[in-house]
Amino acid sequence: MGRRASPLSTYDVAVVGLGIVGACAVHALARTGARVIALDAGAPAGGTSGTSFAWLNSCKKEPEHYHRLNAEGMAEHRRLAQELGADGGHHDGGSLEWAEGGDERELRERVARLASRGYAADFISRDRARSMEPGLAIPDHVREVAFYAGDAWLDAPRLIRAVLEAARKKGAEIRPNTPVRSLRVDGASAGAVVTDGGGIEARALLVCVGPVTRAFLAPLGVEMPIERVYGQLTITSRPPVALQRVVHAPGLHFRPDASGGLMLGTDDLNGPVIEAASPAEREEIAERMLERARRVFPAARDVKVMEYRVGVRPMPADRHTVAGSVPGVANAWMIATHSGVTLGPLLGRLIADEILRDTPSATLAPFRPERFAAARAS
Ligand SMILES: Cc1cc2nc3c(=O)[nH]c(=O)nc-3n(C[C@H](O)[C@H](O)[C@H](O)COP(=O)(O)OP(=O)(O)OC[C@H]3O[C@@H](n4cnc5c(N)ncnc54)[C@H](O)[C@@H]3O)c2cc1C
């Protein structure tokens with residue numbers, strides 16, 4: 001067990017936050033036999049992880065060490081999918097992407113770079129792409145389509161349920177609807193998490209609160225620049241021709257939704273546009289996404305918008321994962337990351353190992369919280 005642990009605590013580790021990151025950490029901790037308590041303010045998967053596009057990939061993750069972290073995250077998902085079977089919500093089949101105009105060159109260069117790193121990235125003919133996805137309309141002038149054979153998408157709420165159930169069977173205590181109001185700090189150590197029902201002591205604390213990380217850690221005097229970036233996804237009714245995999249077309253990305261419909265997202269109708277939009281404007285944005293879907297997936301001609309989901313990405317200021325011990329608090333660890341669906345199982349396992357064995361992971365070395373000018377008040 002890591003630094004300055006109190007030998008009297010009931011629990012070895014208290015995990016705060018049960019999105020994909022916290023849930024996977026609970027799973028990894030519980031399987032070692034550690035005594036774990038896990039708390040969420042609402043329902044597990046009720047945060048960003050339940051409103052994610054959840055594409056498991058490392059296609060645009062730069063520089064190389066961040067790309068490799070995400071590629072390792074994908075491999076960890078494959079291992080977990082084998083362990084959990086259908087309950088794990090893992091849907092392989094790869095992903096397809098094409099570009100037009102000035103973006104074609106960037107795509108060619110990216111596919112070449114990814115392939116040179118050993119990532120499954122290649123070009124296939126337009127006809128082959130059409131045979132894989134008969135519902136797609138790929139413009140005639142697009143001769144080749146990028147195919148990333150190792151990519152997948154995840155039914156993240158399903159995976160979260162499955163890993164928490166597995167952890168519960170190993171003795172983990174899971175408490176939904178239990179907001180942590182504050183952390184009690186004794187000297188330089190976190191003594192307890194304070195809930196409405198009182199304090200809960202644990203020898204170590206792991207903070208996985210996603211987009212509220214900055215506000216959560218601020219009372220400890222820890223300034224962690226985790227920004228909040230809004231995004232919107234639109235869910236349609238079921239199309240008559242099923243989509244099999246993740247597709248990136250100019251102006252739209254989409255994939256099958258667990259409901260049988262399509263999940264649609266865009267890069268331009270995103271971030272501040274969504275944050276500032278009223279509910280009526282968000283409905284309009286959902287309809288605009290559907291219009292785009294009808295152009296690239298004519299099989300969606302008669303589908304309807306069933307719902308739209310707005311999520312808030314936890315976005316570290318330099319866009320890269322933050323994982324490790326909380327600066328200045330001897331027995332507290334944190335994980336905050338974008339790409340958290342791809343990375344959750346890997347980060348959960350690595351941080352569990354660090355907490356229980358007190359051995360820093362070499363893989364996480366470039367992603368430590370200390371890289372930000374962390375300041376702890378006295
Ligand atoms: C539109 C969109 C598309 C995305 N697409 C992808 C993608 O394709 N691939 C990918 O890998 N990633 C994607 N992401 C990012 C990914 O979804 C996130 O990185 C990930 O879900 C973060 O998980 P998390 O567990 O850290 O946070 P969350 O899922 O938000 O979980 C944090 C939990 O902490 C709890 N909590 C907060 N405060 C407290 C408290 N005081 N006490 C107790 N509990 C508390 C919350 O209730 C919540 O359940 C996308 C995100 C968005 C919004």
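Every number in this text was worked out from the coordinates using simple rules, so none of it is lab data. Just so you know, these numbers come straight off a predicted model, no measurement behind them. Here the Cβ positions follow ideal geometry from the backbone for every residue, glycine too, while neighbour counts run over all protein chains shown.
Numerical summary
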{"read-out": "14 Å beta-carbon shell around Glu62, net charge (K/R +1, D/E -1)", "value": "+3"}
{"read-out": "Relative contact order (%) - criterion: Cα under 8 Å, at least six apart; region: region 95-149", "value": "47 percent"}
{"read-out": "Angle between the chain longest axis and helix 156-169 axis [Cα atoms, degrees, rounded to 10]", "value": "30 degrees"}
{"read-out": "Most to least packed among 32-42, 150-160 [average Cβ atoms within 10 Å]", "value": "150-160, 32-42"}
{"read-out": "In Å, descending, principal axis extents of the Cα set of the chain", "value": "68, 45, 39"}
{"read-out": "GNM flexibility winner over the chain from Pro211, Pro179, Pro314 (Cα, springs under 10 Å)", "value": "Pro179"}
{"read-out": "Under 14 Å, Cβ to Cβ, from Ala38 - net charge with Lys/Arg +1 and Asp/Glu -1", "value": "+3"}
{"read-out": "Difference of contour (0.36 nm per residue) and Cα-Cα distance, Glu104 to Asp302", "value": "68.2 nm"}
{"read-out": "Degrees between helix 64-84 axis and first principal axis of the chain (Cα, 0 to 90, nearest 10)", "value": "90 degrees"}
{"read-out": "Distance in nm between pseudo-label sites at Gln82 and Ser125 (7 Å out along the Cβ direction from Cα)", "value": "3.5 nm"}
{"read-out": "Size descriptor, Kirkwood hydrodynamic radius, that averages inverse alpha-carbon separations across region 1-122, Å", "value": "17.5 Å"}
{"read-out": "Hits among aspartates and glutamates - C-alpha to C-alpha of Lys61 under 13 Å, sequence gap 8 or more where chains match", "value": "Glu72, Asp318"}
